[in-house]
Amino acid sequence: MKLFEYQAKEVFKNIGISIPEGVVITSISELKRAAGKTGFPLVLKSQILMGGRGKAGLIRFVKDQVEADKNCLELFESDYNVNTILVEEAVGIKNEIYLSITVDPVTASHMIIACSDGGVEIETLAVEAPEKIIREFVDPNLGLMPFQIKDIAFRLGLEGEVLKKISSVIGKLYQAFLKNDAELIEINPLFITGNDDVIAGDGKLSIDDNAEFRQKTYEITREYFDSDAEYESALEGIPYLQFDGDISLMCAGAGLTTTVYDLINYEGGTVANYLEFGGPNYKKALRAMELCLKNDSKVILIVTFGTIARADVMAEGIVDAINRLKPDRPIITCIRGTNEEAASKILTKAGLVPLYDTEEAVRKAVSVAAGDEL
Amino acid sequence: MSIFIDEKTRVLVQGITGKEGKYWTEHMIGCGTTVVAGVTPGKEGQQIEGRTVYHSVRRALSKVEVEASMLFVPPMFTKDAVFEALDSGIKKIVTVADGIPLHDAIQIRRAALSVGALVIGGNTSGVISPGKAMMGFFPYWIERVYKPGRIGVMTRIGSLTNEVTAMIVKAGFGVSSLIGIGGDPVPGTRFAEMLPFYEADDKTDAVVIIGELGGSMEEECAEMKRDGLYTKPLVAFLGGRTAPVGKRMGHAGAIVSGGKGTVKDKIEAIESVGGKVAERPRFIGDLLKEVLGL
């Protein structure tokens, strides 16, 4: 789960990393009070999860109340579904640093990435000036050692008070990385002010969904998702992505679903939604089909090749879902794996024509979506 | 010779008394696996499929010899179970758990590397040498899917594995050993680390890798081939050629970020060292015939 900037900054604040004075607002009526706290000039920062907010004009510097009102209204009314704005004091900066922590799967390390050119996208820098990027690898079974922190700070060319302060931020950020089961924790930019104060100018924190059982702080709300369907399916625990094509996918397993997605594109078809109803969800045919039917798709394509997820159980679920939902569009099935013979009988009895080859099923779906007979 | 496991490999099952543990232990034995004992804390003395259950790995190893451990343990307890097996000196471990926390996975892999052990998984169906033995769950009884043969297979994609092996069998081949690397961003063992075993295996003529967008495991295989550490033919199927950038397609590892990990890059890397990439699963058979000169 990716957190919003203001949530990441709350985490920073709680572990003792300084953040700018700021107030979160959800309507323009709260703006004046917020500005009273931060003073002018201030920054209006739209709280959405998309990257490149600055370029998209979703971060605005304003110098007085009139400008603030005008810009705030524009942001709330923009096409980007902005529901929350972080109102922050504008910090006077001398320098900016990049700092993040993630994992390196190859060496099995925690990886601290730092750069004395903050504020730019690290991916851009990795291409244009890779020599400027500092990487420090941490043994996850030992943890970050003090000498490593010092080495990062020296390589950043820091000295004096700033060196001490940034070293402290690195240590704290690492603790936050561990404590939050972070996939990524990032401060970009980390401001160094004229008074040599060190302040987190932005914040990213992405929490590992697999660690949810020990990280229960954040409730899943609609704001985190691009569409209603993605939000509803997340609540059900069904992996779902919204597209706007003709064929609704209801497939078992991530890789098979991705491959079916490819094959549809090769055949000139378009995908309405990606939906996985395998693994722990293989008994959720009814809910999966309901989600598919919310799309304007022309056909539902079901492809599975399961071992634990038994084909007969899936087939029964599908027939039950059809009986209950009476779908208004054709359904194409290609269900194989454990107990596939039984599955085939169940589907045939319900009037479906089971297919057994993924590509044949995909071709059928593409032609039916194009208007051909089933 | 087989890779990782054959009918003589002595296997311990951690989590043997659970529903999945019991069910798949029966099938592992049915496939030919030498299961020697099981472990479930608090259940010592029970018998599962005629095998004795012990409270702990240490207690089991005081009674029986074990080479490999199969974990049917929920993701939240997987780290502890892997470390328990490593602590007893077991050097081959398979975990099928889907949903191991990232921070646990990175600690597991680091610990395995530091003692020279192979941890396969998580988020995998496991490991199978068709006709000999398996650790995990494969529908080995479907011959059109798991026929013994001379093609090595490694996979990141559980749901596509049956599909691809069925294509290999349909083309007249069979599978020597299949290693399910798993779909997580930090698998315990990477594709490239298994290639030397296939290189040394006189029962494997070529290797098929089933990969997808995200990460760098396919590129690492290409490097092995370029460096001459793997010299047999390499054929790949890669899912996610048409996947939109930035969207996480199912597996947590399946995301293109910062322009890295696209299928296009992976295809270029593999083809640049003479490997072949099948655009569709059904092309794998023909590509295998081509690279083997049949």
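The values are calculated or read from the model by the stated rules, or taken from the named source; none is laboratory data. Just so it is clear, the structure is predicted and the values come from calculations on it, not from any experiment. Reconstructed Cβ throughout: ideal geometry from the backbone, glycine too, with neighbour counts over all protein chains shown. Just so you know, the surface numbers come from the protein's heavy atoms only, side chains and all, with ligands and any DNA or RNA stripped out. Shrake-Rupley method; radii C 1.70, N 1.55, O 1.52, S 1.80 Å.
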- Item | Rel. contact order, % - alpha carbon contacts under 8 angstrom, at least six apart, chain B | 14 percent
- Would you mind telling me the antiparallel percentage of the DSSP bridges in the stretch B:142-294, rounded to 5? 5 percent
- If the chain between A:Lys2 and A:Glu131 were fully stretched, how many nm would it gain, using 0.36 nm times the residue separation less the Cα-Cα distance? 43.5 nm
- Note on the structure: With a Förster distance of 56 angstrom and the Cβ-Cβ distance between A:Glu74 and B:Asp80, calculated FRET efficiency to the nearest 0.05 equals 0.60
- Task: Would you mind telling me the share, in percent, of accessible area of the stretch A:229-369 contributed by carbon and sulfur at probe 1.4 angstrom?
- Result: 50 percent
- Item | Fraction of beta bridges assigned by DSSP in chain B that are antiparallel (%, nearest 5) | 20 percent
- Query: Taking all protein chains as present, what is the carbon and sulfur share of the accessible area of chain B, in % to the nearest whole number, probe 1.4 Å?
  - Reply: 52 percent
- Message: What is the angle, in °, between the Cα long axis of helix A:5-14 and the longest principal axis of the Cα atoms in chain A? Nearest 10 is fine, range 0 to 90.
- Response: 50 degrees
- Message: For a quick check: with amide H placed at 1.01 Å from N, whose amide H comes under 5 Å from B:Val96's, ignoring anything fewer than 5 positions away on the same chain?
- Response: B:Leu71, B:Val73
- Task: Check each residue of the stretch A:225-260 and keep those whose accessible area, probe 1.4 Å, is at least 20 Å² smaller with all protein chains in place than in the chain alone; give them in order of residue number.
- Result: A:Leu241, A:Phe243, A:Ala254, A:Gly255, A:Leu256, A:Thr258, A:Thr259
- Task: Mind listing the long-range amide H neighbours of A:Leu144? Cut-off is under 5 Å, sequence gap 5 or more, other chains count too, H placed in the peptide plane at 1.01 Å from N.
- Result: none
- Task: May I ask you to list the lysines whose Cα is less than 30 Å away from that of A:Lys298, ignoring any residue fewer than eight positions away on the same chain?
- Result: A:Lys283, A:Lys284, A:Lys326, A:Lys345, A:Lys349, A:Lys364, B:Lys247
- Item | Approximate spin-label separation B:Ser114-A:Ser18, in nm, with each point projected 7 Å along Cα-to-Cβ | 3.7 nm
- For the pair B:Ala200 and B:Ser62, what calculated FRET efficiency results from E = 1/(1 + (r/R0)^6), where r is the Cβ-Cβ distance and R0 = 45 Å, to the nearest 0.05? 0.85
- Return one whole number: the accessible area per residue of the protein assembly as shown in Å², for a 1.4 Å probe. 40 Å²
- Task: Would you mind giving the mean number of other chain beta-carbons within 10 Å of the Cβ of each residue in A:96-107, as a whole number?
- Result: 3
- Can you pick out the pairs among B:Lys79/B:Lys264; B:Lys79/B:Lys276; A:Lys132/A:Lys204; B:Lys132/B:Lys289; A:Lys13/A:Lys55; A:Lys55/B:Lys225 whose Cα atoms lie more than 32 Å from each other? B:Lys79/B:Lys264; B:Lys79/B:Lys276; A:Lys55/B:Lys225
- Note on the structure: Connecting every pair of Cα atoms under 10 Å apart in chain B and solving the GNM, the largest mean-square fluctuation among B:Ile48, B:Ile284, B:Ile151 falls on B:Ile48
- Message: To test your reading of the geometry: what angle, between 0 and 90 degrees and rounded to tens, separates the Cα axis of helix A:311-325 from the longest principal axis of chain A?
- Response: 90 degrees
- Give the residues of the stretch A:17-53 whose amide nitrogen is closer than 13 Å to a point set 7 Å from the Cα of A:Lys63 in the direction of its Cβ. A:40-42
- Modelled label-to-label distance, A:Asp104 and A:Asn83, 7 Å Cα→beta-carbon offset: nm? 3.9 nm
- So, relative contact order of the stretch A:21-89 in percent, Cα under 8 Å, 6 or more apart, is 50 percent
- Query: Considering only DSSP beta bridges whose two residues both sit in the protein assembly as shown, what percent are antiparallel, to the nearest 5?
  - Reply: 50 percent
- For B:Glu220, B:Glu163, A:Glu212, write out the residues from largest to smallest accessible area, computed with a 1.4 angstrom probe and no ligands counted. A:Glu212, B:Glu220, B:Glu163
- Note on the structure: Expressed in nanometres to one decimal, the distance between label points 7 Å along Cα→Cβ at A:Glu223 and A:Val353 is 5.1 nm
- Note on the structure: For A:Ala254, the net charge from surrounding residues (Cβ-Cβ under 14 Å; K, R +1; D, E -1) works out to -4
- Note on the structure: For B:Glu44, the residues 5 or more places away or on another chain with a placed amide H closer than 5 Å to its own amide H are B:His55
- Item | Folded to 0 to 90 degrees: helix B:102-115 orientation relative to chain B principal axis, Cα | 80 degrees
- Message: What does the charge count around B:Asp205 come to, taking other residues whose C-beta lies under 10 Å from its C-beta (Lys +1, Arg +1, Asp -1, Glu -1)?
- Response: +1
- Note on the structure: Taking Cα pairs closer than 8 Å and at least 6 residues apart, the relative contact order of chain A in percent is 12 percent
